[in-house]
1. Ignoring GluC sites (Glu not before Pro) that are buried or in helix or strand per DSSP, and keeping those with at most 15 other beta carbon atoms within 10 Å, what is the longest stretch of chain B between them?
2. Would you mind checking the tilt of helix A:340-356 against the longest principal axis of the Cα atoms of chain A, expressed as 0 to 90 degrees and rounded to 10?
3. Find which of A:Ala295, A:Ser68, A:Asn88 sits farthest along the positive direction of the dipole of chain A, computed with +1 on the beta-carbon of Lys and Arg, -1 on that of Asp and Glu, about the Cα centre.
4. Going by average Cβ neighbours within 10 Å, how do the peptides B:170-178, A:81-89 rank, with the highest at the top?
5. I need the calculated FRET efficiency for the pair B:Lys36 and B:Leu148, taking r as the beta carbon distance and R₀ as 56 Å, to the nearest 0.05.
6. Provide the net charge surrounding A:Ala196, with neighbours chosen by a C-beta distance below 10 Å and charges set as Lys +1, Arg +1, Asp -1, Glu -1.
7. Cross-chain or 8 or more residues apart, Cα under 30 Å: how many lysine pairs in chain A fit that? Count them up, please.
8. Among residues other than B:Pro228 whose Cβ falls under 11 Å from its Cβ, what is the net charge (Lys/Arg +1, Asp/Glu -1)?
Amino acid sequence: MLDRIKDDTAVAARNVLVEVDHLKMYFPITAGIFRAKVGDVKAVDDVTFDIYEGETLGLVGESGCGKSTCGRAILRLYEPTAGAVRINGRDVASASQDQLRKMRPAMQMVFQDPQASLNPRMTLAAIIGEPLDEHTRLAKADKLARIYELMDQVGLNRNFANRYPHEFSGGQRQRIGIARALALNPKFIVCDEPIAALDVSIQAQVVNLLEELQDRLGLTYLFISHDLSMVRHIADRVAVMYLGRIVELAPREALFAEPLHPYTQALLSAVPEPDPNQEINRRRIILTGDVPSPANPPKGCNFCTRCPAVMPICRQDEPTYQEVAPGRFVACHHYANTTMTAGLTAAAEASGQNASGTKTPTVPKGQGIQQGD
Amino acid sequence: MTDTAPLKNPQFQAEAAARPPRSQWWDVWDQFKTHKGAIVGLTVFMLILVLILIGPFLWRVDPGFVELRMRNKGFSGAHPLGTDQLGRDMLARVMAGGKVSISVGLTAMSLSILLGTTIGVLAGYFRRLEGPLMRLTDLFLALPLLPLLLLMVTLFREPLSKSFGPESGIFLLIVCAIGATSWMQTARIVRGEVLALKEREFVLAARSIGTPSRRMITRHVLPNVLSPIMVSATLGIASAIITESALSFLGLGFPPDFPTWGRLLFDAIDQMQLYPWRVILPGVAISLTVLSVNYIGDGLRDALDPRIRGR
């Protein structure tokens, strides 16, 4: 525990590269002949977090919780409804198009579907060279040299330069996408489920490549994924999203060892264990019901409709997103105005009861998820 | 310094020399050559072009020379393709008519493709322009074509003839009239394609790079909507030639004594049962041109698509 706190303070002392401040991304719903606005899909609803220089922040959550939208809104591929995103102290969310264009080299993105994210009519050299065309004035030979350098960095054979995306395998295409993101020496890269569309053996290669590039070039990642074991492998800190909000943000070890928010507990209980003995003891917290519509989120806490530890207050008031321990943020009434331990026991009792359903005593926190760190 | 260092690396130089990124157009030509239909089409179209461009210099008979004693003659040495109802030489008229018809077809098609693609891309790409531009397209689709053409011809024939001379004035008028009334289909097809394309991730990727809209359109959107544009272009040539002949027939186009393929066709229809070849000749010429252009377009479309190329 002490170690962890030390770690956390060390993290806090580092420079903040990306500040996301009350970011909101609503998509309007229109209806009727006159396309009148009747509501909003609150894809990202008041999200606040920081990303430190050189770290990897994992962003996890189930499908449709707003992870990708959040990543895209941070890079202003969508126009955010409200809030600010500061990268290196400069606000991206409110910059004019000209200013934004000058900021683009510092922030790049790796996309989920490597097939769809490459223009089928451009050669590999043209795809990797596009950012160079847009932001640098290199001579033809210098540009080619830089393209070859990037291809070497991501492990692509130089002879592939004239080929088209359809001639590559999924893993190779993702490498092209990574090379394109690296072309302008960015500081911050949003990896939007970069491995979700890949075969498991290729996933490892791509993740290792991302880690290696991070070490070599000092990159900062926002790693969006729904693959918890992969996030556990690559991320330094992990943020958990549910229905457009961040419910918990904590350093990796702390989060996987003792998840605080009931949703995080349920999410982590779904990770299978490689060890069969541990797997037998794994208690899955099975949530009932469906995710509410982001167009019509429930009153109070977004998770109150499915929470195993729901309290009356959860249906009334929105929980505040607060730091309950150094570096650990959580938005849950169980931890409001209490010390961390009290909250911990409360949540643990509640989840223990609900998970087992019957007389099984409360499962010690984190058992079955703890090992392997 | 670091950027130029790899250039001095001999291995790098060798590889770069072995396979420098070559122009895409060589690949396109290589693929085009493998398309049999396209090569045949190209050959036929070239032959037709040679015939109508160089033919008049070899066969020096005035297509407008009326010789009433020689009316309705069959194939002979003096008139290889016979004569028409006024005794004019058919070979000379087919060659002269082809020049007009093909240039009207190509120019009107280019104009309508240019208009249609521009409006389609703008309407599809910029949400704010979509409403007005598509309503404009609907408006043009709803306009009665014939009264519109009549109006255009009566309004502009005189001033255009005055400023550009009677022939090129009418040519300009007809090309503009056909171009301005046939771009709507292209615009709608292109807009649909662009709308779908705009949501693709590579467009998002280009946005994240900071590519401005104009280069987004030229680099990512246009190359990917090339196939439907190519198809409507090849079909457009055919319909432009036909429309021109219909206009001439109605007396709205070129003057009656001015030969075009459409005019030859309509002149011959009265006596079709007596002299069928006078219909068949321009008909075959129109069909061959349209068919060969369609095949060229087909081959070009395949050659421009890297996914098909190399198969």
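1. Working: sites that count: B:Glu67, B:Glu199.
With a cap of 15 other Cβ atoms within 10 Å, the longest stretch comes to B:68-198.
2. Between helix and principal axis, roughly 80 degrees.
3. The residue sitting farthest along the positive end of the dipole is A:Ala295.
4. Values: B:170-178: 22.4, A:81-89: 16.9.
The packing order, highest mean first, is B:170-178, A:81-89.
5. Values: r = 42 Å, r/R0 = 0.75.
For B:Lys36 and B:Leu148, the calculated efficiency is 0.85.
6. Working: positive: none; negative: A:Asp113, A:Asp192, A:Glu193, A:Asp227.
Net local charge, A:Ala196 excluded: -4.
7. 25
8. Working: positive: B:Arg188, B:Arg191, B:Arg301; negative: B:Glu193.
With Lys, Arg at +1 and Asp, Glu at -1, the neighbours total +2.
Values in this text are rule-based calculations from the coordinates and carry no lab data. Computed from a predicted structure; not experimentally measured. Quick reminder, even Gly has a Cβ in these numbers, built from the backbone with ideal geometry, and neighbours come from all protein chains shown.
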